[in-house]
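Please read the structure below before turning to the comments.
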Ligand code: LLP
């Protein structure tokens, strides 16, 4: 028996029936660093970025990595060094960009609930743009900038009312979502923004959702946004840039067939050109598509528990490490790290792969056909995005360690949290 190729993960591959991350054996990493363990490939991040860079060749464009997808400092460093800016959504993320040496002028600040303190922090840092999501926020931002004798650079996030055809929790551009301002209110709100003394209107912004695998919702949203650009510029408010958000999906499953970033942008740029906006500066905020398939989570099988209705494969990673299945019924491929061979009588069995957390919602994969025994290692694929950044300490489980592989070099980019780390900052009663 040999292990199958892993299409979609060119930087993770089997060699002699053992999984490698770039030039490094994954089981060696697990033995050295323990499990659960996140392993990232730097080359995979840069090749995902290169697809966008190819798409934008010859254009004025700024890629702002949506760092909520994976905000580990070394990951930010990889993108900062490659020339990316960052899409942030909190003062905490701003501090992370500063700690990683990112360029503040390339930072855009999104989110519906920025506090005054966060506005002050971002203005003092000199960020590139605030993506404002409501009229009330415009007023507060102008007031805060006024107290600092500054003009805040703004773009307004518009809600194009387009269905991105993704999970309802990660669809954001439909009426009824909390995000952005309604299409029909946009011109009036832009006129209001232009009248506020301490704001400088510089762009327009839209983001319709996440894990989008079709091109049509993007094309429809772009048409709607360009209609607004025409109306706003018709009212003598110049827009320097169009920010088209993030959202491009990845292939978690072989049935997910998202377009490549360069192919998506070829079509979007053709539309921009045909409508006469090809010369405008573009900004984008991709997250998942830059890091999702650049990471795996390595986990050890603790127990195999056969049952009447279900067989369970109990592993040492759990919903606190990999929250997406519990939160969105998400699918992650689960593959062996090495060819089975520990126990002679192992056979392929259908398992629910579950973690040790005390909840039935703590599952990582349902009905997976695996040939496993206790002590085997499994790799949960596509774990580079929205896993560590959403990880928690539930059940007082320390968060996993993270490694970044670069060719044959391995960097420990986050040490495993101890139990004491998880209750640092807590106080006993006197
Ligand atoms: N820009 C804005 C304003 C966003 O809200 C998001 C994601 C992005 C950009 C990046 O989207 P991406 O390129 O990563 O799709 N935790 C969920 C995903 C939540 C996405 C939230 N916003 C998941 O694990 O599927």
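Each of residue 60 and residue 216 was given a label point 7 Å from its Cα along the Cα-to-Cβ line. The distance between the two points is 3.4 nm. Summarising the strand pairing of the chain, around 45 percent of its internal DSSP beta bridges are antiparallel. Each peptide in 65-77, 29-41 gets a packing score, the mean of other Cβ atoms within 10 Å over its residues, and the list from highest to lowest is 65-77, 29-41.
A prolate overall shape is assigned to the chain, the ratio a/c of its alpha-carbon gyration tensor axes (a ≥ b ≥ c) being 1.5 or greater and a/b exceeding b/c. Checking the a/c ratio against 1.5 first, then a/b against b/c, what shape does the Cα gyration tensor give for the range 1-135? Prolate, since a/c reaches 1.5 and a/b exceeds b/c.
Potential lengthening of the chain between residue 233 and residue 47 amounts to 63.3 nm, from the contour at 0.36 nm per residue minus the alpha-carbon distance.
Counting beta carbons within 10 Å around each of 265, 363 and listing the fewest first gives the order 363, 265. With a Förster radius of 51 Å applied to the C-beta separation of residue 151 and residue 255, the computed FRET efficiency comes to 0.55.
Each label was represented as a point 7 Å from its Cα along the Cα-to-Cβ direction; for residue 175 and residue 408 these points are 6.2 nm apart. Rounded to the nearest 10 degrees, what's the angle between the helix 116-125 long axis and the longest principal axis of the chain, both from Cα atoms, 0 to 90? That works out to roughly 90 degrees. Each helix, a run of at least 4 DSSP H residues, gives -39500 (n - 2.57); summed and divided by the residues of the chain, these come to -8000 deg cm²/dmol at 222 nm.
Of the beta bridges in the range 1-147, as assigned by DSSP with both residues counted there, near 45 percent are antiparallel. Applying 1/(1 + (r/R0)^6) with R0 = 56 Å to the Cβ-Cβ distance of residue 347 and residue 390 gives a FRET efficiency near 0.95.
Give the shape of the range 152-202 as rounded, prolate or oblate, defined through the alpha-carbon gyration tensor: a ≥ b ≥ c are the square roots of its eigenvalues, a/c under 1.5 means rounded, and otherwise the shape is prolate if a/b is larger than b/c and oblate if not. Prolate, since a/c reaches 1.5 and a/b exceeds b/c. Spatially, the range 79-121 and the range 295-336 are offset by 33 Å when compared through their Cα centroids.
Determine the percent antiparallel among the DSSP beta bridges restricted to the range 243-391, to the nearest 5. Expressed as a percentage, antiparallel bridges in the range 243-391 total about 80. On the beta carbon distance between residue 31 and residue 359, with R0 = 25 Å, the FRET formula returns roughly 0.25.
Placing dummy labels 7 Å off each Cα toward the beta-carbon, the span from residue 331 to residue 143 is 4.9 nm.
FYI, it's all coordinate maths here, none of it is from the lab. Computed from a prediction, not measured in an experiment: that's the story for all the values here. Reconstructed Cβ throughout: ideal geometry from the backbone, glycine too, with neighbour counts over all protein chains shown.
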